[in-house]
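The values are calculated or read from the model by the stated rules, or taken from the named source; none is laboratory data. Fair warning: this is a prediction, and the values are worked out from it, not measured in the lab. Note that each Cβ is placed from the backbone with ideal geometry, even for glycine, and that neighbours are counted across all protein chains shown.
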Amino acid sequence: MSELESIRVELNHFDKRLEKMKYHDEELKAVKKEQEKLGKLNVFDEDISGLEEENKRLLRKLRKLENYLETKIVHTEL
């Protein structure tokens, strides 16, 4: 596989992760909105905490992949 094909595959992977992150963000917002309706936003909720931790984990992975891709693309351009 050529370098450009490899980058293309990894960019597709990055795009899928962006979609997953967007889905998790929307899910977290929906759960928080539902909890707010019920007046339970101030109460510690494992569901919300779990979703927030998952969001943080996904965001870290996304940033790491973004940095890797930027480095690889710059390296390929040289």
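Do we find that R17 is at pLDDT 85 or above and either aliphatic (A, V, I, L, M) or exposed (fewer than 13 other Cβ atoms within 10 Å of the Cβ) (or both) in this structure? Talk me through it step by step, then tell me what you get.
Values: at pLDDT 85 or above: yes; either aliphatic (A, V, I, L, M) or exposed (fewer than 13 other Cβ atoms within 10 Å of the Cβ) (or both): no.
No: the conditions fail for R17.
Rundown of residues vs (1) in contact (Cβ under 8 Å) with a residue 40 or more places away in the chain; (2) farther than 30 Å from T71 by Cα; (3) hydroxyl-bearing (S, T, Y), yes/no style:
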{"site": "L4", "(1), (2), (3)": "yes, no, no"}
{"site": "K16", "(1), (2), (3)": "no, no, no"}
{"site": "E19", "(1), (2), (3)": "no, no, no"}
{"site": "Y23", "(1), (2), (3)": "no, no, yes"}
{"site": "E46", "(1), (2), (3)": "no, yes, no"}
{"site": "G50", "(1), (2), (3)": "no, yes, no"}
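Regarding region 29-52, can at least one residue be identified that is surrounded by fewer than 11 Cβ atoms within 10 Å (Cβ to Cβ), at pLDDT below 90 and of a type in the set (A, V, I, L, M)?
Yes: region 29-52 contains one or more residues that are surrounded by fewer than 11 Cβ atoms within 10 Å (Cβ to Cβ), at pLDDT below 90 and of a type in the set (A, V, I, L, M).
Which one is farthest from the chain's Cα centre (by Cα), of the residues in region 46-78 that are under 17 Å from H13 (Cβ atoms) and charged (D, E, K, R)?
K72
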